[in-house]
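See below for the structure under consideration.
The values are calculated or read from the model by the stated rules, or taken from the named source; none is laboratory data. It should be emphasised that the depicted structure is a prediction, and the values quoted were computed from it without experimental measurement. We place every Cβ from the backbone using ideal geometry, glycine too, and count neighbours over all the protein chains shown. We work out accessible area using only protein heavy atoms, side chains counted, and drop any ligands, DNA or RNA first. Shrake-Rupley method; radii C 1.70, N 1.55, O 1.52, S 1.80 Å.
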Amino acid sequence: MVEENIEINTADGACDTLLTRPESTEPLPAVINLTDGLGFRPAFAEQSKRIAEHGYVVLTPNIFYRTSKSPVFPFEPDFGTDRTRERFRELSAPLTPHAMARDGSAYVDFLASQPFVADGAMGVVGFCFAGKFALSIAAARPDRIAAAASFHGGGLFTDTAASPHLVLPRVKANLYFGHAANDAGMPSEAIEKFEWALRSRGGNYASEIYDAKHGWMIPGGRVYDSENAERGFGRLMELLDSSLVSEGVRP
(Lines give C-alpha, C1' and ligand atoms only; values in the text may rest on other atoms or scores of the structure.)
Protein backbone atom coordinates (compact mmCIF):
# COMPACT_ATOMS: atom_id res chain seq x y z
CA MET A 1 0.00 0.00 0.00
CA VAL A 2 1.27 3.46 -0.96
CA GLU A 3 0.40 6.33 1.40
CA GLU A 4 1.50 9.86 0.57
CA ASN A 5 0.97 13.18 2.31
CA ILE A 6 0.55 15.75 -0.44
CA GLU A 7 -0.86 19.21 -1.05
CA ILE A 8 -3.48 20.06 -3.66
CA ASN A 9 -3.58 23.62 -4.94
CA THR A 10 -7.11 25.00 -4.94
CA ALA A 11 -8.48 28.45 -5.75
CA ASP A 12 -8.41 29.21 -2.01
CA GLY A 13 -5.05 27.78 -0.99
CA ALA A 14 -3.09 24.56 -0.51
CA CYS A 15 -5.07 21.63 0.88
CA ASP A 16 -3.10 19.07 2.90
CA THR A 17 -4.25 15.65 1.79
CA LEU A 18 -3.61 11.94 2.27
CA LEU A 19 -3.40 9.87 -0.91
CA THR A 20 -3.73 6.12 -0.43
CA ARG A 21 -3.53 3.50 -3.18
CA PRO A 22 -2.55 -0.11 -3.77
CA GLU A 23 0.66 -0.91 -5.53
CA SER A 24 -0.67 -1.63 -9.00
CA THR A 25 0.59 -1.54 -12.57
CA GLU A 26 -2.92 -0.72 -13.78
CA PRO A 27 -4.81 2.55 -13.21
CA LEU A 28 -7.60 2.22 -10.65
CA PRO A 29 -10.85 4.09 -9.99
CA ALA A 30 -10.68 6.92 -7.48
CA VAL A 31 -12.71 7.75 -4.37
CA ILE A 32 -12.78 11.03 -2.41
CA ASN A 33 -13.20 10.42 1.33
CA LEU A 34 -14.50 13.47 3.22
CA THR A 35 -14.06 13.58 6.99
CA ASP A 36 -16.61 14.49 9.61
CA GLY A 37 -16.66 17.71 11.65
CA LEU A 38 -13.66 16.66 13.75
CA GLY A 39 -11.43 16.66 10.70
CA PHE A 40 -8.69 14.32 9.54
CA ARG A 41 -7.31 11.90 12.12
CA PRO A 42 -5.89 8.34 12.24
CA ALA A 43 -9.36 6.73 12.08
CA PHE A 44 -9.85 8.24 8.62
CA ALA A 45 -6.39 7.19 7.48
CA GLU A 46 -7.29 3.60 8.42
CA GLN A 47 -10.67 3.87 6.75
CA SER A 48 -9.11 5.17 3.53
CA LYS A 49 -6.59 2.35 3.58
CA ARG A 50 -9.40 -0.15 3.96
CA ILE A 51 -11.23 1.29 0.94
CA ALA A 52 -7.98 1.27 -1.04
CA GLU A 53 -7.47 -2.40 -0.25
CA HIS A 54 -10.57 -3.09 -2.36
CA GLY A 55 -8.80 -1.66 -5.40
CA TYR A 56 -9.27 2.10 -5.24
CA VAL A 57 -7.14 5.23 -5.18
CA VAL A 58 -8.43 7.17 -2.15
CA LEU A 59 -8.03 10.90 -1.64
CA THR A 60 -8.65 12.13 1.93
CA PRO A 61 -8.38 15.93 2.08
CA ASN A 62 -8.31 18.20 5.08
CA ILE A 63 -11.68 19.78 4.31
CA PHE A 64 -10.92 22.63 6.74
CA TYR A 65 -7.63 23.66 5.10
CA ARG A 66 -8.72 27.30 4.78
CA THR A 67 -8.57 27.63 8.56
CA SER A 68 -6.00 25.09 9.75
CA LYS A 69 -3.65 22.30 8.84
CA SER A 70 -4.49 18.90 10.33
CA PRO A 71 -5.14 18.25 13.15
CA VAL A 72 -7.72 21.02 13.16
CA PHE A 73 -8.57 20.77 16.87
CA PRO A 74 -5.62 21.81 19.09
CA PHE A 75 -7.43 20.23 22.04
CA GLU A 76 -9.53 17.12 22.72
CA PRO A 77 -12.88 18.00 21.11
CA ASP A 78 -16.19 17.45 22.87
CA PHE A 79 -19.31 18.82 21.19
CA GLY A 80 -20.91 19.12 24.59
CA THR A 81 -18.64 22.09 25.29
CA ASP A 82 -18.85 25.67 24.02
CA ARG A 83 -15.16 25.61 23.17
CA THR A 84 -15.59 22.74 20.69
CA ARG A 85 -18.73 24.15 19.13
CA GLU A 86 -17.08 27.53 18.66
CA ARG A 87 -14.04 25.92 17.03
CA PHE A 88 -16.28 23.93 14.68
CA ARG A 89 -18.11 27.09 13.65
CA GLU A 90 -14.75 28.69 12.91
CA LEU A 91 -13.67 25.71 10.81
CA SER A 92 -16.91 25.25 8.89
CA ALA A 93 -17.84 28.88 8.21
CA PRO A 94 -15.69 29.20 5.03
CA LEU A 95 -17.18 25.99 3.58
CA THR A 96 -20.08 27.56 1.73
CA PRO A 97 -21.86 25.56 -1.00
CA HIS A 98 -19.80 27.38 -3.63
CA ALA A 99 -16.57 26.63 -1.75
CA MET A 100 -17.49 22.94 -1.56
CA ALA A 101 -18.11 22.85 -5.30
CA ARG A 102 -14.78 24.56 -6.01
CA ASP A 103 -12.89 22.21 -3.73
CA GLY A 104 -14.62 19.17 -5.17
CA SER A 105 -13.66 20.16 -8.70
CA ALA A 106 -10.06 20.65 -7.59
CA TYR A 107 -10.00 17.17 -6.03
CA VAL A 108 -11.52 15.60 -9.15
CA ASP A 109 -9.12 17.42 -11.47
CA PHE A 110 -6.12 16.40 -9.37
CA LEU A 111 -7.13 12.75 -9.44
CA ALA A 112 -7.89 12.85 -13.16
CA SER A 113 -4.34 14.09 -13.82
CA GLN A 114 -2.67 11.15 -12.07
CA PRO A 115 -1.41 8.24 -14.21
CA PHE A 116 -2.44 5.69 -11.58
CA VAL A 117 -6.10 6.82 -11.69
CA ALA A 118 -8.39 5.23 -14.27
CA ASP A 119 -10.25 7.34 -16.78
CA GLY A 120 -13.95 7.69 -16.17
CA ALA A 121 -16.09 7.35 -13.08
CA MET A 122 -15.10 8.37 -9.55
CA GLY A 123 -16.85 8.15 -6.20
CA VAL A 124 -17.21 10.34 -3.12
CA VAL A 125 -18.29 9.65 0.45
CA GLY A 126 -18.88 12.12 3.27
CA PHE A 127 -19.51 11.72 6.97
CA CYS A 128 -21.53 13.94 9.31
CA PHE A 129 -21.05 17.56 8.22
CA ALA A 130 -19.47 16.35 4.98
CA GLY A 131 -22.51 14.40 3.79
CA LYS A 132 -23.72 17.56 2.07
CA PHE A 133 -20.17 18.13 0.80
CA ALA A 134 -20.30 14.79 -1.03
CA LEU A 135 -23.63 15.72 -2.56
CA SER A 136 -22.25 19.10 -3.61
CA ILE A 137 -19.31 17.48 -5.40
CA ALA A 138 -21.62 15.05 -7.19
CA ALA A 139 -23.67 18.02 -8.41
CA ALA A 140 -20.63 20.10 -9.40
CA ARG A 141 -18.96 17.25 -11.34
CA PRO A 142 -21.64 14.97 -12.78
CA ASP A 143 -19.20 14.30 -15.62
CA ARG A 144 -16.98 12.25 -13.29
CA ILE A 145 -18.83 11.42 -10.05
CA ALA A 146 -20.84 8.24 -10.56
CA ALA A 147 -21.27 7.25 -6.89
CA ALA A 148 -21.91 9.42 -3.83
CA ALA A 149 -22.61 8.31 -0.27
CA SER A 150 -23.36 10.01 3.04
CA PHE A 151 -23.31 8.51 6.53
CA HIS A 152 -24.99 10.25 9.48
CA GLY A 153 -25.13 13.36 7.31
CA GLY A 154 -26.61 16.44 8.93
CA GLY A 155 -28.85 19.10 7.42
CA LEU A 156 -29.38 17.40 4.06
CA PHE A 157 -32.87 18.91 3.89
CA THR A 158 -33.61 22.32 5.35
CA ASP A 159 -36.14 25.08 4.69
CA THR A 160 -33.45 27.50 3.50
CA ALA A 161 -32.49 28.58 -0.02
CA ALA A 162 -29.14 26.83 0.48
CA SER A 163 -30.58 23.42 1.40
CA PRO A 164 -28.31 20.66 0.05
CA HIS A 165 -31.24 18.73 -1.44
CA LEU A 166 -31.73 21.48 -4.03
CA VAL A 167 -28.69 20.28 -6.00
CA LEU A 168 -30.21 16.83 -6.59
CA PRO A 169 -31.48 17.60 -10.12
CA ARG A 170 -27.87 18.17 -11.21
CA VAL A 171 -26.63 14.86 -9.77
CA LYS A 172 -26.21 11.86 -12.08
CA ALA A 173 -24.50 9.57 -9.59
CA ASN A 174 -25.88 6.50 -7.87
CA LEU A 175 -26.60 7.59 -4.30
CA TYR A 176 -26.59 6.05 -0.83
CA PHE A 177 -27.62 7.70 2.44
CA GLY A 178 -27.21 6.03 5.83
CA HIS A 179 -29.01 8.01 8.53
CA ALA A 180 -28.71 7.73 12.30
CA ALA A 181 -31.82 7.16 14.39
CA ASN A 182 -32.92 10.11 16.52
CA ASP A 183 -30.31 12.41 14.97
CA ALA A 184 -30.84 16.03 15.96
CA GLY A 185 -29.00 17.10 12.80
CA MET A 186 -31.27 15.03 10.56
CA PRO A 187 -34.55 14.25 12.37
CA SER A 188 -37.14 11.84 11.00
CA GLU A 189 -39.20 14.63 9.43
CA ALA A 190 -36.16 15.89 7.53
CA ILE A 191 -35.35 12.34 6.39
CA GLU A 192 -38.91 11.94 5.05
CA LYS A 193 -38.66 15.21 3.14
CA PHE A 194 -35.24 14.32 1.82
CA GLU A 195 -36.46 10.94 0.60
CA TRP A 196 -39.35 12.70 -1.14
CA ALA A 197 -36.75 14.84 -2.94
CA LEU A 198 -34.79 11.71 -3.90
CA ARG A 199 -37.92 10.07 -5.34
CA SER A 200 -38.76 13.24 -7.25
CA ARG A 201 -35.27 13.34 -8.75
CA GLY A 202 -35.47 9.78 -10.01
CA GLY A 203 -32.29 7.84 -10.60
CA ASN A 204 -30.75 5.10 -8.50
CA TYR A 205 -30.61 5.71 -4.75
CA ALA A 206 -30.94 4.02 -1.38
CA SER A 207 -31.74 5.64 1.97
CA GLU A 208 -31.69 3.73 5.25
CA ILE A 209 -32.01 4.52 8.93
CA TYR A 210 -29.58 2.67 11.19
CA ASP A 211 -30.39 1.82 14.79
CA ALA A 212 -27.30 3.73 15.84
CA LYS A 213 -26.26 7.14 17.07
CA HIS A 214 -24.86 10.02 15.04
CA GLY A 215 -21.19 9.26 14.37
CA TRP A 216 -21.51 5.47 14.60
CA MET A 217 -19.28 4.80 11.58
CA ILE A 218 -16.01 6.23 12.90
CA PRO A 219 -13.81 4.12 15.24
CA GLY A 220 -12.52 5.79 18.37
CA GLY A 221 -15.62 7.81 19.16
CA ARG A 222 -17.92 7.20 22.10
CA VAL A 223 -20.81 6.29 19.81
CA TYR A 224 -18.88 3.96 17.50
CA ASP A 225 -21.01 0.90 16.72
CA SER A 226 -18.88 -1.85 15.19
CA GLU A 227 -21.79 -3.98 13.95
CA ASN A 228 -23.56 -1.12 12.20
CA ALA A 229 -20.25 0.31 11.00
CA GLU A 230 -19.49 -2.98 9.25
CA ARG A 231 -22.95 -2.94 7.70
CA GLY A 232 -22.40 0.63 6.52
CA PHE A 233 -18.97 -0.15 5.09
CA GLY A 234 -20.48 -3.06 3.20
CA ARG A 235 -23.13 -0.76 1.72
CA LEU A 236 -20.42 1.71 0.71
CA MET A 237 -18.39 -0.94 -1.07
CA GLU A 238 -21.48 -2.27 -2.84
CA LEU A 239 -22.17 1.23 -4.14
CA LEU A 240 -18.59 1.82 -5.27
CA ASP A 241 -18.13 -1.59 -6.85
CA SER A 242 -21.41 -1.44 -8.75
CA SER A 243 -20.85 2.13 -9.95
CA LEU A 244 -17.12 2.37 -10.63
CA VAL A 245 -15.93 -1.09 -11.60
CA SER A 246 -16.44 -2.19 -15.20
CA GLU A 247 -18.62 -5.25 -15.65
CA GLY A 248 -16.56 -8.39 -15.24
CA VAL A 249 -13.47 -6.47 -14.12
CA ARG A 250 -12.35 -6.39 -10.49
CA PRO A 251 -9.61 -3.92 -9.51
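At-a-glance table
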item: Prolate/oblate/rounded call for the stretch 175-251, Cα gyration tensor, a/c under 1.5 rounded; result: oblate
item: Placed amide H near THR10: partners under 5 Å, 5+ positions off or other chain; result: CYS15
item: Simple spin-label estimate for VAL223 and ALA184 in nanometres, 7 Å along Cα-Cβ; result: 1.0 nm
item: Packing-based ranking, highest mean first, of 2-8, 146-152 given that Cβ atoms within 10 Å are counted; result: 146-152, 2-8
item: Under Karplus coefficients 6.51, -1.76 and 1.60, residue-wise ³J(HN,Hα) of the stretch 44-53 in Hz, glycine/proline x; result: 7, 4, 5, 4, 5, 4, 5, 5, 4, 4
item: SER24 accessible area, assembled protein chains, probe 1.4 Å, Å²; result: 50 Å²
item: Cut-off under 5 Å, modelled amide H: who pairs with ILE32 long-range; result: LEU59, GLY123, VAL124, VAL125
item: GLU76 versus ASN5: modelled label distance in nm, points set 7 Å from Cα along the beta carbon direction; result: 2.3 nm
item: Average Cα contact separation per residue, the stretch 30-133, under 8 Å, 6 or more apart, as relative contact order %; result: 43 percent
item: Heavy-atom accessible surface of the chain: percent carbon and sulfur, 1.4 Å; result: 50 percent
item: Å² per residue, accessible surface of the stretch 34-76 at 1.4 Å; result: 36 Å²
item: The stretch 36-90 shape via C-alpha gyration tensor axes, a/c threshold 1.5; result: prolate
item: Part-to-part distance (alpha-carbon centres) for the stretch 143-217 and the stretch 70-125, which is given in Å; result: 18 Å
item: Backbone HN-Hα couplings from phi across the stretch 139-148 [Karplus 6.51/-1.76/1.60, Hz, Gly and Pro as x]; result: 6, 6, 10, x, 5, 10, 8, 10, 8, 9
item: Rounded FRET efficiency, nearest 0.05, which uses the C-beta distance separating ILE209 from GLU46 and R0 of 25 Å; result: 0.45
item: Heavy-atom surface of the stretch 163-251, accessible at 1.4 Å and reported per residue (Å²); result: 54 Å²
item: Cα gyration tensor, the chain - rounded (a/c under 1.5), prolate or oblate; result: rounded
